[in-house]
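For reference, the structure is listed below as structure tokens.
All of the numbers you see were taken from the coordinates with simple rules; none came from a lab. Predicted, not measured: the structure shown is a model, and the values here were computed from it. No Cβ is skipped: glycine too gets one built from the backbone with ideal geometry, and neighbour counts run over all protein chains shown.
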């Protein structure tokens, strides 16, 4: 059982397409593996989070301020996992399915959790000088999710998978740039 779990994690980290093609990885135990991955990556994310939090409190001289509790981080991690899966199910299966898309919500829930495996590398971000490396596992996660969505939703090419997976980030980036240009174009009096 533990060997199967490690195999899933290593296949996810290696971006192995066979992880998502093999229905054995989405069997009865898969939801428990998915919950374990989400739980593990949530706890590991405390390391760079606390490094960043400690750095910001020391820079701004904030004292007697505590970060979020472990319970709230775990609850939010599971909540975000569900929200991301609902989003992908709605847009990937309901709105923009391919001709051969037949995917259950449970399978997509497991896929999103498997794609989170690269976040295990957050354990190496223990210093503020390494904080910029948090983008590496995130990009790895996005690539993993794009590959998984293409295979599980049986899309013909990666274009639909990329658009569905990265649309929230693209919209946020466009909004941020519009806000940035509004600030630069405004006149201070």
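Summary of values
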| quantity | calculated |
| --- | --- |
| Residues being surrounded by 15 or more Cβ atoms within 10 Å (Cβ to Cβ), assigned to a loop (DSSP other than H, G, I, E, B) and without any contact (Cβ under 8 Å) to a residue 12 or more places away in the chain - total across the range 121-176 | 0 |
| Subset tally (residues that are under 22 Å from residue 101 (Cβ atoms) and either touching a strand residue (DSSP E or B) at 6+ places or on another chain (Cβ under 7 Å) or loosely packed, with under 13 Cβ neighbours inside 10 Å (or both)) for the range 15-44 | 5 |
| Count of residues meeting criterion [more than 30 Å from residue 161 (Cβ to Cβ), touching a residue at least 40 places away in the same chain (Cβ under 8 Å) and surrounded by 15 or more Cβ atoms within 10 Å (Cβ to Cβ)] in the range 53-93 | 0 |
| Checklist (1) within 30 Å of residue 54 (Cα to Cα); (2) surrounded by fewer than 19 Cβ atoms within 10 Å (Cβ to Cβ) applied to residue 96, failing item | (1) |
